[in-house]
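Asks: Pasting a structure here, questions to come.
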Amino acid sequence: MDRPYIIAEAGVNHNGSLAIAKQLIDAAAEAGADAVKFQTFKAERLVSHSAPKAEYQTKTTDSLESQFEMIKKLELDKEGHKQLIEHCCYRGIQFLSTPFDSESIDLLVKVFSVPLIKLPSGEITNAPLLLKAAQTGRPIILSTGMSTLGEIESALGVLAFGFTNLSEKPSIRAFNNAYRSEIGQQALKEKVTLLHCTTEYPAPFEDVNLRAMDTMRAAFGLPVGFSDHTPGIAIAVAAAARGAVVIEKHFTIDRNLPGPDHKASLEPHELNLMVQSIRQVAASLGTGFKIPAKSEMKNMIVARKSLTAAKTIKIGEFFAEDNLTTKRPGSGIPPMHYWDLMGKVSNKDYLQDELINI
């Protein structure tokens, strides 16, 4: 398989500081990730002033602060995006950002020409945003945390409708028709990658359910990856071994920094280890054909055995259990022929340990 596309999820771990954001880009580039991803939003378009925080956010931020107040401090403006994109170019890593509203999609696609759109789990039922994203024509990576197969199918219907630019008015029926159409299915296969995800920070290991990747792959016929919220790197590496084509993982400069996501994020040395481990796993998966590897061919003679004289054998003597054995090296007759030689007459003298050659 091709190696997984690794997204180092900086998210809002910049804490509103471009200096920290650039340090995150540096760390992602040095770890060997393919992309570093931020989040693009306007608080006014994302949450109401009365929206509650998630339980994990109340534990990692000021419990008296509203969700609106929390994320307002984490916005990146147009100039900030420009600087971060330029720094990504300088460091040789792809800049990505998750848009949470229509205007943010326009900023990323029309202003900065970001090559693909990553949509988060929380937007999988947001048909207007899904449609807007698909109408850009950009490839889409869609996280599916908190979702059923039916909800994923409904979201894919919206994307299929948007990709195919049908003249029909948007509606649930139109989305269903687009999903079932040949052109819609072709568009999805060309442009959509699904990410399995457990939307909890950190996600309990027993709730991860990596086998759901196989279910999604079989149900939709699309590439499937994994957005990991578990502690450590083991589950991300396991997902790569199960064929994830994309791995996304939160990281931070320092887990002790204030903010909603730092505690559930990797630090730079852990990100580096994760990337290297995933690369090793990808390299190890191979073709699936069970044949000797090039590197092991030279060891066959050393490790395998040959038919060997267990003691001195004189010409004309019969081969029998008391004078025929198997020993290394493996450069002679393979022991599979042991019984073929039994009862046959030796055509030469053999010293003990000499390879049989008949």
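Asks: Averaged over all directions, how much area does the convex hull of the C-alpha atoms of segment 83-235 cover when projected, in nm²?
Replies: 9.9 nm²
Asks: Toward the positive end of the charge dipole of the chain, about the Cα centre and with charges on Cβ (Lys, Arg +1; Asp, Glu -1), which of Val237, Pro202, Ser104 goes farthest?
Replies: Sorting the options by dipole projection puts first Val237.
Asks: Name the long-range amide H neighbours of Ser97: under 5 Å, sequence gap of 5 or more, or other chain; modelled H, no Pro or chain starts.
Replies: Phe38, Lys118
Asks: If you don't mind, another one. Set Lys and Arg Cβ to +1 and Asp and Glu Cβ to -1, take the dipole of segment 299-351 about its Cα centre, and tell me which of His337, Met300, Asn323 lies farthest positive.
Replies: Of the candidates, Met300 comes out farthest on the positive side.
Asks: Can I ask one more? Which entry is the computed Cα Rg over 2.2 N^0.38 Å for this structure: (i) 0.98; (ii) 1.07; (iii) 1.43?
Replies: Matching entry in (i) 0.98; (ii) 1.07; (iii) 1.43: (iii).
Asks: Would you mind computing Rg(Cα) / (2.2 N^0.38 Å) for segment 300-358, counting N as its residues?
Replies: Rounded to two decimals, the normalised Rg is 1.00.
Asks: Here's something else I'd like to know. Can you compute the helix-only [θ] at 222 nm over the chain? Use -39500 (n - 2.57) per DSSP H run of at least 4 residues, normalise by all residues, nearest 500 deg cm²/dmol.
Replies: My calculation for the chain gives -11000 deg cm²/dmol from helical runs alone.
Asks: Here is a further query. I'd like the orientation of helix 268-285 relative to the chain: the angle between its Cα long axis and the longest Cα principal axis, in ° from 0 to 90, rounded to 10.
Replies: 50 degrees
Asks: In the chain, with Lys and Arg counted as +1 and Asp and Glu as -1 at Cβ, which of these residues, Ser121, Gln280, Leu159, has the Cα nearest the positive end of the dipole, that is, farthest along it?
Replies: Final value for the positive-end residue is Gln280.
Asks: Under 28 Å Cα-Cα from Lys191, which lysines qualify once same-chain neighbours fewer than 8 residues away are excluded?
Replies: Lys37, Lys42, Lys78, Lys82, Lys110, Lys118, Lys132, Lys169, Lys249
Asks: Return one quarter of the surface area of the convex hull spanned by the alpha-carbon atoms of segment 246-358, equal to its mean projected area, in nm².
Replies: 11.9 nm²
Asks: Working from Cα positions, state the angle (0 to 90°, nearest 10) between the long axis of helix 182-191 and the longest principal axis of the chain.
Replies: Between the helix axis and the principal axis of the chain, the angle is about 80 degrees.
Asks: For the chain, set up a GNM with springs between Cα atoms under 10 Å and report which of Lys290, Lys42, Lys189 has the largest fluctuation.
Replies: Lys290
Asks: Can you tell me which of 153-162, 276-285, 129-138, 291-300 comes out highest on packing, and rank the rest after it, using the mean Cβ neighbours within 10 Å?
Replies: Per-residue Cβ counts within 10 Å, averaged per peptide and sorted highest first, yield 153-162, 129-138, 276-285, 291-300.
Asks: So, one more: Mind checking the dipole of segment 91-197: about its Cα centre, +1 per Lys or Arg Cβ, -1 per Asp or Glu Cβ, Debye to the nearest 20?
Replies: 220 debye
Asks: Something else now. Of the peptides 330-336, 204-210, how do they stack up when ordered by the mean number of other Cβ atoms within 10 Å, highest first?
Replies: 330-336, 204-210
Asks: To the nearest 20 debye, what charge dipole does the chain have about its Cα centre, counting +1 at the Cβ of each Lys and Arg and -1 at the Cβ of each Asp and Glu?
Replies: 980 debye
Asks: OK, next. Roughly how tilted is helix 78-91, in degrees to the nearest 10 and between 0 and 90, from the longest Cα axis of the chain?
Replies: 20 degrees
Asks: Still on this structure, please answer the following. With r defined as the distance between the Cβ atoms of Asn357 and Ala234 and R0 fixed at 45 Å, what FRET efficiency is calculated, to the nearest 0.05?
Replies: That pair, Asn357 with Ala234, gives E of 0.30.
Where a number appears in this text, it was derived from the coordinates with a stated rule and is not lab data. Remember, it's a predicted structure, so these values are computed and weren't measured experimentally. Don't worry about glycine lacking a Cβ; one is built from the backbone with ideal geometry, like all the others, and counts go over all protein chains shown.
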